[in-house]
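The values are calculated or read from the model by the stated rules, or taken from the named source; none is laboratory data. Note that the structure is predicted; figures quoted are calculated from it, not measured. Cβ: placed from backbone, ideal geometry, glycine included. Neighbour counts: every protein chain shown. The accessibility values were calculated without ligands, DNA or RNA, using every heavy atom of the protein model including side chains. Shrake-Rupley method; radii C 1.70, N 1.55, O 1.52, S 1.80 Å.
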Amino acid sequence: MAEPEQVDVVVVGLGVGGEEVAGRLAEAGLTVVGIERDLVGGECPYWGCVPSKMMIRAANALAEAHRVNELAGSAQVQPDWAPVAKRIRAEATDTWDDKVAVDRFTGKGGRFVRGSGRLDGPNRVRVGDQVFQARYGVVLGTGTRPSVPPIDGLADTPYWTNHQAIEVEELPASLLVLGGGAIGLELAQVFARFGVRVTVIEAADRVLAVEEPEASALAADALRADGVEIHTGVKAGRVGHDGGAFTVYADGAEFTGEKLLVVTGRKAHLEELGLDTVGVDAGQRYLPVNDRMHVTDGIWAVGDLTGEGAFTHIAMYQAGIVVADVLDHMRRTKGGPDASGTASVVGGAAGVVSSVGGAMSAGGSSVAPGSVPVADYRALPRVTFTDPEVGAVGLTEQQARERGVNVQVGYADLTSSARGWIHKTGNAGFIKLVADADQGVLIGATSAGPAGGEVLSALVVAVHAAVPISQLRHMIYAYPTFHRAIEDALRALK
Ligand SMILES: Cc1cc2nc3c(=O)[nH]c(=O)nc-3n(C[C@H](O)[C@H](O)[C@H](O)COP(=O)(O)OP(=O)(O)OC[C@H]3O[C@@H](n4cnc5c(N)ncnc54)[C@H](O)[C@@H]3O)c2cc1C
């Protein structure tokens, strides 16, 4: 058996969260081994956020061109997927090559190991024949993979996950999309705008089921206007593939398509991580962490794996906390080098707990000297990048009511706002506010519309900082902006 090699920190999985942690700790002067079995950078740059948003940008350009006919004369567009596929290959993914990302990490002083890492007892990680003993701890950032439901016949078919959908060079004539969540809707709308006949099949009684019902209705209407067939409350029972087409059998109905995209959620594969060797239950859906991302002594986790929200901004936010906490842990318990001034952490909406140690600067917000941020997800923002965009933060109305909050709701339709009326075609959207009437603050909000994800930022600040509604009502909102509808929704709170 190989002799364990002593290092300071081992990071398993260099996706968004793991790469951030490993790079920052290496920059702070620690000896860091980063282990990645696929591509450094993870899902977001190669098969997730970045290429999907490039696709959306292209699809939205087509939609805007169609709107010329109603606003500015006439325009004819001929959709062509080739430039989109080329841009994803050339600009986003380097044809799914991570050399730049590996160099970025090693350039910060990190040591890169390609392979599958697995815990092998406290503070110890095995990758192939190599074993690393971590002086200060191990960080797990192994993310999730598509969760494919156990539908009869599905496993034997060449179905697509997001990987094939992002890598596609030639579009199919028709596409079935199993799953009407954010990823399913974003991709469905893109492909429909490029002329693919798209059918979305969703088991819940509405698409975007985790968001406000008004957001579900808005998104469904928008996709239908793009020609997407949407079937909700339909549970796929069996899938067949005859070589040329897929058939989904569901509740007595049959749906056919040339390709089938399965986007029914994601799953963390805890069973692969050797958690039993450190006394942690690997039979859970996600890996629970405390507010400093501790799993157990000497082990931190970051990103999708923690189940706190499958978003790049969550992974980055948690990474900042892990970096600060590892450095703090190092100083307090092991007497390691003082990394103050060399490390920077992502602060975001993190609260602060007091601890011993030097000053740290938080990306965006500063963390007081001697403090380490702790996680606070009250103001977790999320955006579904359909057109119109659906941005949301905090609790939905139903979630707030289930928690026994004395709820007030305010709603404003974007189409009847000054900017919505001016915007005309493509102006669908709304602001919905969820307030805690006893505290006099917003605890949730949805901002849907042409720039819903951008307008959301004001609402994120309001929820995060618990800005009194009385103050929000007496701010000045620029005319005529989409965000001015927030003022209308505040006025409508009851
Ligand atoms: C189509 C799509 C669109 C998305 N769009 C957005 C968006 O617009 N905005 C947003 O915020 N989020 C978006 N996301 C979500 C975002 O991609 C994830 O939240 C983010 O990638 C999570 O980062 P992570 O570090 O937790 O995991 P990942 O990025 O999944 O990285 C985990 C890494 O760990 C590696 N790994 C796993 N096990 C091991 C092992 N044992 N040893 C070594 N390496 C291992 C994997 O190969 C992987 O590279 C999207 C996701 C998808 C699929």
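Return the loop-located GluC sites (Glu not before Pro) in the range 199-266 (DSSP other than H, G, I, E, B) with at most 16 other Cβ atoms within 10 Å of their own Cβ; answer none if there are none.
Filter output for the range 199-266: 258.
What list of ³J(HN,Hα) couplings, whole Hz, do you get for the range 389-406 from phi and the Karplus terms 6.51, -1.76, 1.60, once you set θ to phi - 60° and write x for glycine and proline?
6, 10, x, 8, 9, x, 8, 7, 4, 5, 4, 5, 5, 4, 8, x, 6, 6
Where a ≥ b ≥ c are the square roots of the eigenvalues of the C-alpha gyration tensor, would you call the range 224-269 rounded, which needs a/c under 1.5, or, failing that, prolate if a/b is larger than b/c, or oblate?
Judged from the Cα gyration tensor, the range 224-269 comes out rounded (a/c under 1.5).
Which pairs break 26 Å Cα to Cα here: 53/99; 259/424; 86/259; 235/424; 235/494; 53/267?
The answer is 259/424; 235/424; 235/494.
Please report, as a whole percent, how much of the solvent-accessible surface of the chain comes from carbon and sulfur atoms (probe radius 1.4 Å).
Whole-percent figure for carbon plus sulfur exposure: 50.
Quick one: what are the phi-derived ³J(HN,Hα) couplings along the range 94-107, Karplus 6.51/-1.76/1.60 with θ = phi - 60°, whole Hz, x for glycine and proline?
For the range 94-107, the Karplus-derived couplings read 6, 6, 6, 10, 9, 3, 4, 6, 5, 4, 4, 6, 5, x Hz, x marking Gly and Pro.
Taking every Cα atom in the range 1-148, find the radius of gyration and the maximum pairwise distance Dmax, and write them in Å.
20.8, 74
Can you list residues from other chains, or at least 5 along the same chain, whose modelled amide H is less than 5 Å from the amide H of residue 198?
Placed amide hydrogens put 175, 229 under 5 Å from residue 198.
Taking the chain as the reference, fit the longest principal axis to its C-alpha atoms, fit the long axis of helix 213-225 to the helix C-alpha atoms, and give the angle between the two in degrees, 0 to 90, nearest 10.
60
Please express the shape of the chain as an equivalent ellipsoid: the semi-axes are the square roots of 5 times the eigenvalues of the C-alpha gyration tensor, given largest first in whole angstrom.
Value: 39, 31, 21 Å, ordered largest first.
What 222 nm value per residue comes from the helices of the chain, counting each DSSP H run with n ≥ 4 as -39,500 (n - 2.57) and dividing by all residues, nearest 500 deg cm²/dmol?
-8500 deg cm²/dmol
Once Rh for the range 143-188 is found with the Kirkwood sum over Cα pairs, what is the Stokes-Einstein diffusion coefficient at 20 °C and 1.002 mPa s, in µm²/s?
178
Write down the Å³ per residue value for the convex hull defined by the alpha carbon atoms of the range 412-484.
76
Would you mind getting the accessible area per residue of the chain, heavy atoms of the protein chains only, 1.4 Å probe, in Å²?
43
In whole Hz, what ³J(HN,Hα) sequence does the range 314-325 give by Karplus (6.51, -1.76, 1.60; θ = phi - 60°), x for Gly and Pro?
With coefficients 6.51, -1.76 and 1.60, one gets 5, 4, 5, 4, 5, 4, x, 5, 4, 4, 4, 6 Hz.
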